[in-house]
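For reference, the structure is listed below as structure tokens.
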Amino acid sequence: MFLRLEVEAVFAPEIAAVDRADRRELTGALAAAASWPVWESLRSEAGYTSAQAQGVLRRMLLSLLAGSGR
């Protein structure tokens, strides 16, 4: 729940710009993409450096936001 609240705070303007019916789904997708298991998988399983993993996360988050109509 903490991560979802953080996502809601950090991305408040972007989430508010989305149709009300889609906000919950977008928030869930952003929280999933920003979750610790995703980071851990990128670092330990995929073998990315910290900088590379940050790039992947940035791409995922931006893609989710772009796909939301922003």
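So the values come out like this:
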quantity: Accessible area per residue, Å², the chain with all protein chains present, probe 1.4 Å; calculated: 69 Å²
quantity: Stokes-Einstein D in µm²/s, Kirkwood radius over Cα pairs - region 20-70 at 37 °C with 0.692 mPa s viscosity; calculated: 285 µm²/s
quantity: Tilt relative to the chain, helix 20-33 - C-alpha long axis, 0 to 90 degrees, to 10; calculated: 10 degrees
quantity: Cα long-axis angle, helix 50-67 against the chain (0 to 90 degrees, to the nearest 10); calculated: 20 degrees
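The values are calculated or read from the model by the stated rules, or taken from the named source; none is laboratory data. From a predicted model like this one, the values you see are computed outputs, not experimental measurements. Calculation scope for accessible area: heavy atoms of the full protein, side chains included, ligands and nucleic acids excluded. Shrake-Rupley method; radii C 1.70, N 1.55, O 1.52, S 1.80 Å.
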